[in-house]
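**Student:** Below is one structure. I have some questions about it.
The values are calculated or read from the model by the stated rules, or taken from the named source; none is laboratory data. Not measured: the values here are computed from a predicted model. Here the Cβ positions follow ideal geometry from the backbone for every residue, glycine too, while neighbour counts run over all protein chains shown. Quick note on the areas: whole protein, heavy atoms, side chains included, nothing else; ligands and nucleic acids left out. Shrake-Rupley method; radii C 1.70, N 1.55, O 1.52, S 1.80 Å.
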Amino acid sequence: TALQEVASRHPEDNEAAQLAIATEIAMGALRYFLLKFTRNTVIAFDFQEALSFEGETGPYVQYAAVRARNIFRKLEDRGEAMPDYRAVLTPGAMARQLAGDGNAELWQILMAAAKADSIVERAVTAGEPAHVAKYAFQLAQTFNLFYHQYPVLAEPDPERKAFLLWMTEYLALQLERTLAVLGIAVPSYM
């Protein structure tokens, strides 16, 4: 089923590449589905639910990570270089970008992404990988909210664009790290 979906979305790719991507999606779907439940939960595996790109599923979380990577791919395709964050995002620049009532959402997004290590630690202490799976889903939702509210590549202000790219990179890194803890790969496309 994953292979059919990949082949329909990317017919230009060869069969071996399509199979590799489909395998990553299918494995991510299976692992996420099994890990999202707490240890004492009886699981009734639902194939359609597990492979869905919507809702609390592995492909949904993988897609958020792929979407973040695509921002950087599009930036490169435009011939634009990644900004030098240290040079552009000075303490004053960061303060400007995070100041004001309108940026409370950005603070919330950053705080959500910053919880990755504590969530993993809590999951290990409790012996509950479901904590990491739930966090990965919440972080994917957070990234998707950010993606829709802040058009990173369309931002005309260079400082703001650098800040949004930095946030995208940070969110992507945290999301990919969380998926790696779950043993879920991030496909190159979906």
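**Student:** Would you mind getting the accessible area per residue of the chain, heavy atoms of the protein chains only, 1.4 Å probe, in Å²?
**Tutor:** Normalised by residue count, the accessible surface of the chain is 54 Å².
**Student:** Probe radius 1.4 Å, ligands and nucleic acids ignored: give me the carbon and sulfur share of the accessible area of the chain as a rounded percent.
**Tutor:** Working: 5700 of 10170 Å².
That share works out to 56 percent.
**Student:** Still on this structure, I have one more. Expressed as cubic angstrom per residue, what is the convex hull volume of the alpha carbon set of the range 52-133? Don't skip to the end; give the middle numbers.
**Tutor:** Details: hull volume 12.7 nm³, N = 82.
Looking at the range 52-133, the number lands at 155 Å³ per residue.
**Student:** GNM, the chain, Cα, under 10 Å: largest mean-square fluctuation among Ala154, Ala123, Ala99?
**Tutor:** Greatest mean-square fluctuation among the candidates belongs to Ala154.
**Student:** While we're here: Give the lysines whose C-alpha is closer than 19 Å to that of Lys36, dropping any in the same chain fewer than 8 places away, or say none.
**Tutor:** Lys115, Lys134
**Student:** Please label the shape of the range 1-100 as rounded, prolate or oblate, based on the square roots a ≥ b ≥ c of the eigenvalues of the alpha-carbon gyration tensor (a/c under 1.5 means rounded; beyond that, a/b larger than b/c means prolate, else oblate).
**Tutor:** Oblate, since a/c reaches 1.5 and b/c is not below a/b.
**Student:** Rounded if a/c is under 1.5, else prolate if a/b is larger than b/c, else oblate: which is the chain, with a ≥ b ≥ c the root eigenvalues of its Cα gyration tensor?
**Tutor:** Since a/c reaches 1.5 but b/c is at least a/b, the shape of the chain is classed as oblate.
**Student:** Could you tell me which helices of the chain pass both thresholds, a Cα extent of 18 Å or more along their own axis and a mean Kyte-Doolittle hydropathy of at least -1.0, with helices taken as whole DSSP H runs?
**Tutor:** Values: long enough: 15-35 (29 Å, 1.06); 58-77 (28 Å, -0.55); 130-149 (28 Å, -0.01); 158-181 (34 Å, 0.21).
The qualifying helices are 15-35, 58-77, 130-149, 158-181.
**Student:** Related question: So which lysines pass the test for Lys161, namely a Cα distance under 23 Å, with those fewer than 8 places away in the same chain ruled out?
**Tutor:** The qualifying lysines are Lys74.
**Student:** Just to confirm the filter: which trypsin sites (Lys or Arg not before Pro) across the range 47-102 are DSSP coil and have at most 13 other Cβ within 10 angstrom of their Cβ?
**Tutor:** Values: sites: Arg67, Arg69, Arg73, Lys74, Arg78, Arg86, Arg96; in loops: Arg78.
Passing sites in the range 47-102 are Arg78.
**Student:** Over the Cα atoms of the range 119-190, how large are the radius of gyration and the largest Cα-Cα distance (Dmax), in Å?
**Tutor:** Rg, Dmax (Cα atoms, Å): 14.5, 47.
**Student:** Which longest run of the chain has no exposed loop site in it, a site being GluC sites (Glu not before Pro) in a DSSP loop with at most 14 other beta carbons within 10 Å, and the site itself not part of the run?
**Tutor:** 81-190
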